[in-house]
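Read through the structure below, which is laid out as structure tokens, and then see the notes.
The values are calculated or read from the model by the stated rules, or taken from the named source; none is laboratory data. Remember, it's a predicted structure, so these values are computed and weren't measured experimentally. Cβ sites come from the backbone with ideal geometry, for glycine too, and all protein chains shown count toward neighbours. Protein only, heavy atoms only, side chains kept; ligands, DNA and RNA dropped before computing areas. Shrake-Rupley method; radii C 1.70, N 1.55, O 1.52, S 1.80 Å.
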Amino acid sequence: GAAAPAAPPPLLVLFRHGGRRLGLPCARVAPARPGEPTLLPRLEAEPEALESAPLAEAVPPPAPEPLRTLLVCVAAGQAFALPVEEVLAVIPPVAPTPAPDGRLADFRGVAAHRGDVLPVLDAGARLGLADVLLDGWTEAPLLRLAGPRPVALAVSQVTGLRRIPERLIAAVASEGLVSAVATQGDAPLPICRAAVLGALR
């Protein structure tokens, strides 16, 4: 009897070559073995077929996702972030020098940095938590905050810089301490305003 018709190849490879889009039915896709002919000579041997293929469409690269760079810190067990442009420097752990009491309500002393004497404020107290400087003059990392008046903010820990997509940041409709909240892991990450954290009162 007549031979059964051969089954069509199960795969169709789509690719681009010479600025054209092409498709090639095949049974398998694998690296060429030594001495085995490759696809490129076969394409160049049939220029008419290559010229009849449709032109390849240029695929524009995806637009870069807007990111926001934040400095993440911890104060009294609470993680919070500051926009990196609002932090002028991170000062290694230092114990503030005591200053006369009664000058400011939450004044914790002073620290020298780059020729300036900076009032030291406590991030824990500013966030309504336990003080970072628990016994008054313990060492703690300091953040020199941007603003019209030099000021340092004592924190428990500086975690590091994080680049968070803007789509994961929700603005807070107020002019208070927290300007936005970022979705970072399981817990929300408050983004604070340096101008409010570092305000002397």
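Conditions first: (1) within 20 Å of Arg68 (Cα to Cα); (2) out of contact with any Asp or Glu (no Cβ under 8 Å at 6 or more places or on another chain); (3) in contact (Cβ under 8 Å) with a residue 12 or more places away in the chain. Leu200 passes all but one, so which condition is the exception?
Single failed check for Leu200: (1).
Listed here are the residues, each with its yes/no results for (1) surrounded by fewer than 10 Cβ atoms within 10 Å (Cβ to Cβ); (2) β-branched (Val, Ile, Thr); (3) touching a strand residue (DSSP E or B) at 6+ places or on another chain (Cβ under 6 Å); (4) in contact (Cβ under 8 Å) with a residue 24 or more places away in the chain.
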| residue | (1), (2), (3), (4) |
| --- | --- |
| Thr159 | no, yes, yes, yes |
| Ile169 | no, yes, yes, yes |
| Glu175 | yes, no, no, no |
| Cys192 | no, no, yes, yes |
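Report yes if Gly128 is in a strand (DSSP E or B) and either modelled with pLDDT of 90 or more or over 19 Å from Ala195 (Cβ atoms) (or both), otherwise no.
On the way: in a strand (DSSP E or B): no; either modelled with pLDDT of 90 or more or over 19 Å from Ala195 (Cβ atoms) (or both): yes.
Against the criterion (in a strand (DSSP E or B) and either modelled with pLDDT of 90 or more or over 19 Å from Ala195 (Cβ atoms) (or both)), Gly128 does not qualify.
If a residue has to be within 22 Å of the chain's Cα centre (by Cα) and over 21 Å from Ile164 (Cβ atoms) to count, how many in the range 89-101 make the cut? It would help to see each step written out before you state the result.
So in the range 89-101, the residues within 22 Å of the chain's Cα centre (by Cα) come out as 89-90.
From what's left, over 21 Å from Ile164 (Cβ atoms): 89.
Total satisfying the criteria: 1.
Based on what the data block shows, is Arg163 touching a residue at least 12 places away in the same chain (Cβ under 8 Å), over 27 Å from the mean Cα position of the chain (by Cα) and either open to solvent by 60 Å² or more (accessible area, probe 1.4 Å) or at positive phi (or both)? Let's see the steps before the verdict.
Values: touching a residue at least 12 places away in the same chain (Cβ under 8 Å): yes; over 27 Å from the mean Cα position of the chain (by Cα): no; either open to solvent by 60 Å² or more (accessible area, probe 1.4 Å) or at positive phi (or both): yes.
No.
Quick one: which residue in Ala146, Ala140, Ala152 is in contact with a strand residue (DSSP E or B) (Cβ under 9 Å, 6 or more places away or on another chain), open to solvent by less than 20 Å² (accessible area, probe 1.4 Å) and in contact (Cβ under 8 Å) with a residue 60 or more places away in the chain? Spell out the reasoning first.
On the way: Ala146 fails: open to solvent by less than 20 Å² (accessible area, probe 1.4 Å); Ala140 fails: in contact (Cβ under 8 Å) with a residue 60 or more places away in the chain.
Of Ala146, Ala140, Ala152, the one residue that is in contact with a strand residue (DSSP E or B) (Cβ under 9 Å, 6 or more places away or on another chain), open to solvent by less than 20 Å² (accessible area, probe 1.4 Å) and in contact (Cβ under 8 Å) with a residue 60 or more places away in the chain is Ala152.
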